[in-house]
1. Considering only DSSP beta bridges with both partners in the chain, what is the antiparallel share in %, to the nearest 5?
2. Run the quick spin-label model on Thr305 and Ala263: label points 7 Å from Cα toward the beta carbon, then report their separation in nm to one decimal.
3. Whenever you get a sec, compute what percent of the accessible area on region 222-304 sits on carbon and sulfur atoms (1.4 Å probe).
4. What whole-number value in Å² describes the accessible area per residue of the chain for a 1.4 Å probe?
5. Please list, short to long, the whole-number percent of alpha-carbon pairs of region 445-531 in consecutive 5 angstrom bins beginning at zero.
6. Given 0.36 nm per residue, what is the gain on full extension from Asn334 to Leu101 after removing their alpha carbon distance, in nm?
7. Once the Cβ-Cβ distance between Thr231 and Ser271 is put in as r, and R0 is 41 Å, what FRET efficiency do you end up with, to the nearest 0.05?
8. Order Tyr150, Tyr528, Tyr403, Tyr447 by their accessible area, 1.4 angstrom probe, all chains in place, largest first.
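The values are calculated or read from the model by the stated rules, or taken from the named source; none is laboratory data. Nothing here was measured: the structure is a model prediction, and the numbers come from that model. No Cβ is skipped: glycine too gets one built from the backbone with ideal geometry, and neighbour counts run over all protein chains shown. SASA here: full protein model, heavy atoms, side chains in, ligands and nucleic acids out. Shrake-Rupley method; radii C 1.70, N 1.55, O 1.52, S 1.80 Å.
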Amino acid sequence: MSGSFAYAIAMFHSAKKLFGLWFLLLGTACIAPAATMLFDFEDAAELKALHDEHKSTLGPGKTVDRAEHFASSGKYALRFATPGWKKGMPQWPAFDADLSLTNWTGYDRLYVDVFNASASPQRFSIFFADTTIPLRKGYSHQVHLPPFSYAPVVVPLAKLTEKKIKLAAMRALHIFTAEPPGDMTLYMDRIMLLKKGEPLPELPASFLRDFAAVQAPKLAALNEDLARVRTHLQQQMTAVPALKNWADHALQPLGKRVGDFKAAIARADASVLDADRSVVSLSGELEHLESLATFRAGFEAVRSTAQIHPAQPDLAVGFATSMEKILPLGLTFNAALTNRVTLSLARNEKESFQVLVTPFGGPVRQVQVRIGDLQGENGQRLVSSNLHAAVMGYVETKSVPPYGSAHVGWWPDPILDFQSTTDIAEGDLQSFWVRVNAPASQAPGVYRGRLEVLTDGKTAFAFDLEVQVYPFRLPDRSPLPMAITFAPEDSPVTDNNQEQKAWRQSPEYPVKAWKPNKLQWADFLAQYYFDFVKINVAFAQKIA
């Protein structure tokens, strides 16, 4: 052995000891065990584990292969492609992935990176099953993917145990989509198992560059939407100059989000993912802005006959049926712009409609809809206790649900019977839910009165309200049985069990509140012909 070679070997062993000590110290300071990889698609042989229910690897109309794009681990990702669905085609393009590691005990999550490289929204779904149950009878996890979007898919394994799936005897994954609305290409990589405490893996710079490189169509579409809305608002401002300040104020944050997205694409770093999530619902918000401008401009023709105090804030008031979901900040909406509202119902019936209020000149306080007695043609009255206006409440969604949604944000949900007034921010579309009840003894005929919109206790607008009561009477109960379950159940899920623990112990928790309130709740249901029953689900499935 030469002296130089012996010296190199000695230095190697010294460095090995030094690095071994360094890694030992690093591991002591920050324990971060490696995740267990099921598939990373670096070896072409992994494709042999993929099949179409053991019939073929590919199946009709779809491809499953490796690609050197959107890899989050190593060089390759799996590409799953299928044409857009048309009638007569298979509804659920899919493939199975046989597992080499079948004992998942000790792990608490399955993780997979998924990128939708399609110009249409797509669904990514996984069925999990053990060796004792059919694959499609296991637990199903779904994720909705907007166009050109990435999702880190995290499946809590506690969901599987809730479905009585045995983690010690796992068999396969069934990966599928449903009726793709357009040609679909999904890339997936790094299908792995994580133990409790193991962090989610980070994306490599190469993936972020690939992701940023394909965002151009989305950015172009957003810029087109923004330009179209600006042009439309300019046209509306010509007719209603008062819209200018509101339009400038409303467009500024939306334009900034488009600009932030463009800058993040140029940087091609991790910020591009956050920017992309920020613009998911932006097209819907821009459409909503157009609807608001049309709403305000159209109300100008009604304002002169409905406005009581010209000094009141710049509001627009419209009406909608009870069958429409009116979102306060997203998507288009249709409002009837009129100074006269009409409604028809039978005796012993309830009907509803919505009053829509939006401020354009700044926020307004204590907005209320008020209705007094309605006068009949022959001196009879429909008294105000039968006319009730309540504030519509809203709940906020934070992400696109597995079944998809055109809007992420605020949705109308609870009717706040206990609340008649509310403050409204500039540009928010607030609904008031009006219920009209015609008692069984109400004389038939046409009843007329006024519907007022108040701000800070002062009447801002007044509209004619006309209610026609038909001469026939509805029965006290429906002659048709109603297939409905109404009974509270306590079905906690593992991932939010801890945060709901305090609420579950509260007397207001539905299971606890049930007994003292069930008669009152039953009376409420009966008013709308809902039976106070609980469907036997097993029986319903048997007879279906």
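1. Numbers: 99 of 106 bridges.
Bridges in the chain are about 95 percent antiparallel.
2. Going from the Thr305 label point to the Ala263 one covers 5.0 nm.
3. On the way: 2110 of 3920 Å².
Carbon and sulfur: 54 percent of the exposed surface of region 222-304.
4. Working: 28730 Å² over 544 residues.
Dividing the accessible area of the chain by its residue count gives 53 Å².
5. Calculated over all Cα pairs of region 445-531, the distribution is 3, 10, 11, 11, 9, 11, 11, 14, 11, 7, 3, 0 percent.
6. Net length gain for the segment: 78.4 nm.
7. Values: r = 30 Å, r/R0 = 0.74.
In this case the efficiency is close to 0.85.
8. Working: Tyr150 25, Tyr528 75, Tyr403 175, Tyr447 0 Å².
Output order, biggest surface exposure first: Tyr403, Tyr528, Tyr150, Tyr447.
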